[in-house]
Amino acid sequence: MNVTNFYLLDNNLVKNKVSLLRDKSCSCSNFRKLAKDLSIFLCYEASKNIKLINYKLETPIEETDGVRFQPVTFVSILRAGLGMISGALECIPDASVGHIGMFRNEETLEPVRYYCKLPKNMHESVVFVLDPMLATGGSACDAISEVKKEGAKNIIFLCLIAAPEGIKKLNKNHPDVKIYAASLDRELNSNGYIMPGLGDAGDRIFNTV
């Protein structure tokens, strides 16, 4: 697969949790917990792209050098992206949070946007766009275009499961955006679902299967 800026988490703990997440017998509560755990791992790994700002701080003993993050914004692609927000905020609790609502037209497989609320000063932030599944790549590309309109320059896409087709489309449309995934799956089926995948992430997170 000839793409750039794609990073796959290579860790046995991640592989184990992805397997548990895929299992159709996984309960809704466990699915939510696993999605949160994997989101923490993704955010941890991708945080190496956050710029550090130097400042002076006082320990109980003396003054020393410290570092703080540049502003961080998480943008959740509704509704499934909500399942990743709690894990991301556990890593960076003072981050700003935006939401972009989309659903997929089942005939065209293209995203339809119905809601967008983003924080101000996006140009100052490193922006993490969150969606559990990178399938066709349509929703991811549309969401990233939206945050770019608001001035975002440093954008990173985090997903639990990615298909080669989605990675290639996102890489083609937004070659400046880094992609972090917990698993790279085989392909999309004729309905645009990831194979072997884990089904509909939104339905499994919100128990609407």
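Brief remarks follow.
- Taking trypsin sites (Lys or Arg not before Pro) across segment 40-145, the ones in a DSSP loop with at most 14 further Cβ atoms lying within 10 angstrom of their Cβ are LYS51, LYS120.
- Hull volume per residue, based on the alpha-carbon atoms of segment 49-113 and their convex hull, is 98 Å³.
- For segment 126-209: Kirkwood Rh in Å [reciprocal of mean 1/r, alpha carbons]: 13.0
- Remark on segment 1-134: ratio of C-alpha radius of gyration to 2.2 N^0.38 Å is 1.26.
- Note on segment 16-66: the alpha carbon radius of gyration divided by the globular reference 2.2 N^0.38 Å gives 1.91.
- Sites VAL97 and GLU124 - FRET efficiency at Förster radius 22 Å, r taken between beta-carbons, to 0.05: 0.90
- Cβ-Cβ FRET estimate between THR4 and GLU187, R0 fixed at 25 Å, reported to 0.05: 0.75
- Peptides 202-208, 8-14, 34-40 ranked from most to least packed, by the mean per-residue count of other Cβ atoms within 10 Å: 34-40, 202-208, 8-14.
- Per-residue packing, averaged as other Cβ atoms within 10 Å, sorts the ranges 123-134, 165-176 into the order 123-134, 165-176, beginning with the highest.
- Helical contribution to [θ] at 222 nm, DSSP H n ≥ 4, -39,500 (n - 2.57), averaged over the chain, rounded to 500: -10000 deg cm²/dmol
- Normalised contact order of segment 36-150, rounded percent, pairs of Cα under 8 Å and 6 or more residues apart: 26
- Out of every Cα-Cα pair that segment 92-145 contains, those further apart than 13 angstrom amount to 64 percent.
- Cysteines of the chain lacking any other cysteine Cβ under 4.7 Å from their own Cβ: CYS26, CYS28, CYS116, CYS141, CYS159.
- Diffusion coefficient, µm² s⁻¹, Stokes-Einstein with Kirkwood Rh over alpha-carbon pairs of segment 63-160 at 20 °C and 1.002 mPa s: 154
- Pairs from LYS56/LYS178; LYS148/LYS178; LYS48/LYS178 whose Cα-Cα separation, in the structure shown, is over 20 Å: LYS56/LYS178
- Here the spin labels are modelled as points 7 Å beyond Cα on the Cα-Cβ line, and at ASN54 and GLU110 they lie 5.1 nm apart.
Read-outs throughout are calculated quantities, based only on the coordinates presented, and are distinct from any laboratory measurement. Remember, it's a predicted structure, so these values are computed and weren't measured experimentally. Virtual Cβ from ideal backbone geometry, glycine too; neighbours counted across all protein chains shown.
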